[in-house]
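Asker: Have a look at the structure that comes next, please.
The values are calculated or read from the model by the stated rules, or taken from the named source; none is laboratory data. The shown structure was predicted, so the numbers you read here are calculated from the model rather than taken from an experiment. All Cβ positions, glycine included, derive from the backbone under ideal geometry; neighbour counts span all protein chains shown.
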């Protein structure tokens, strides 16, 4: 193997996901991932702390995208709508990954440790969006409630999107989930 391999990170992600789907997360080793990618274990550890991180490496980019979108929302936008707009901005980035999100979700759903890690990631996204709302002057508990509700909308829409065969538009599913949340909380 050469000292430098193009797109090593992407090849490791793809190899890991393939092996996780074929053999299961627990049964797959870092050595097998590196071998499938045509790389060394050392290269794997240059990109990822452990094999779990292959599945969660995009979390910081998603958090940055959501926080920036909340921060850039017009001043007159309601807190929940600022969060909803941020989620809409994230949808195309998730959709452009092809089947990766669906396969990733199946691997996570099959492993309790990974489900816990996913919940921690989602909680971190809510915390970051709540902080962005507070930076915009939204008081507590409104900032936290809007951010947590947004993550609930995201989670429900994402689970629908990854489980439906027809692959509807993720942004549409997020809008639908938000509309349903608003209907559930509407005063009668």
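Asker: Cβ-Cβ below 7 Å, separation at least six or inter-chain, first residue in region 73-88 and assigned to a loop (DSSP other than H, G, I, E, B), second buried (at least 24 other Cβ atoms within 10 Å of the Cβ): which pairs?
Answerer: Close Cβ pairs (under 7 Å, with a partner that is buried (at least 24 other Cβ atoms within 10 Å of the Cβ)) amount to 73/82.
Asker: Looking only at residues that are more than 17 Å from residue 105 (Cα to Cα), within 20 Å of the chain's Cα centre (by Cα) and without any contact (Cβ under 8 Å) to a residue 40 or more places away in the chain in region 10-55, which one is surrounded by the fewest Cβ atoms within 10 Å (Cβ to Cβ)?
Answerer: That would be 50.
Asker: Another one. Would region 24-31 turn up any residue that is closer than 30 Å to residue 139 by Cβ, at pLDDT 95 or above and in a helix (DSSP H, G or I)?
Answerer: Here is the first cut: in region 24-31, the residues closer than 30 Å to residue 139 by Cβ are none.
There is no residue in region 24-31 that is closer than 30 Å to residue 139 by Cβ, at pLDDT 95 or above and in a helix (DSSP H, G or I).
Asker: Going residue by residue through region 38-47, is there one that turns out to be within 30 Å of residue 132 (Cα to Cα) and outside any loop (DSSP other than H, G, I, E, B)?
Answerer: Step one: filter region 38-47 for residues within 30 Å of residue 132 (Cα to Cα), giving 47.
Subset that is outside any loop (DSSP other than H, G, I, E, B): 47.
Yes - at least one qualifying residue is present in region 38-47.
Asker: Of everything in region 56-72, what is closer than 20 Å to residue 152 by Cβ and without any contact (Cβ under 8 Å) to a residue 60 or more places away in the chain? Give them in sequence order.
Answerer: 65, 69
Asker: In region 130-166, which residue that is in contact (Cβ under 8 Å) with a residue 12 or more places away in the chain and part of a loop (DSSP other than H, G, I, E, B) is farthest from residue 98 (Cα to Cα)?
Answerer: Checked region 130-166; the qualifying residue farthest from residue 98 (Cα to Cα) is 138.
Asker: A follow-up question, please. Return yes or no: is residue 132 over 13 Å from the mean Cα position of the chain (by Cα), under 22 Å from residue 159 (Cβ atoms) and not assigned by TED's automatic domain parsing to the domain that holds residue 31?
Answerer: On the way: over 13 Å from the mean Cα position of the chain (by Cα): yes; under 22 Å from residue 159 (Cβ atoms): no; not assigned by TED's automatic domain parsing to the domain that holds residue 31: yes.
Criteria not met by residue 132.
Asker: Taking region 167-179 on its own, how many of its residues are touching a helix residue (DSSP H, G or I) at 6+ places or on another chain (Cβ under 8 Å) and not in a loop (DSSP other than H, G, I, E, B)?
Answerer: Quick first cut of region 167-179, residues touching a helix residue (DSSP H, G or I) at 6+ places or on another chain (Cβ under 8 Å) only: 167-171, 173-178.
Now drop any that are not not in a loop (DSSP other than H, G, I, E, B), which leaves 170-171, 173-178.
Residues in region 167-179 being touching a helix residue (DSSP H, G or I) at 6+ places or on another chain (Cβ under 8 Å) and not in a loop (DSSP other than H, G, I, E, B): 8 in total.
Asker: For region 118-130, which residues satisfy the criterion of being more than 18 Å from residue 104 (Cβ to Cβ) and surrounded by 16 or more Cβ atoms within 10 Å (Cβ to Cβ)?
Answerer: The answer is 126, 128, 129, 130.
Asker: Quick one: which residue in 115, 104 is in a helix (DSSP H, G or I), under 14 Å from the mean Cα position of the chain (by Cα) and surrounded by fewer than 16 Cβ atoms within 10 Å (Cβ to Cβ)? Before the answer, list the steps.
Answerer: Working: 104 fails: surrounded by fewer than 16 Cβ atoms within 10 Å (Cβ to Cβ).
Of 115, 104, the one residue that is in a helix (DSSP H, G or I), under 14 Å from the mean Cα position of the chain (by Cα) and surrounded by fewer than 16 Cβ atoms within 10 Å (Cβ to Cβ) is 115.
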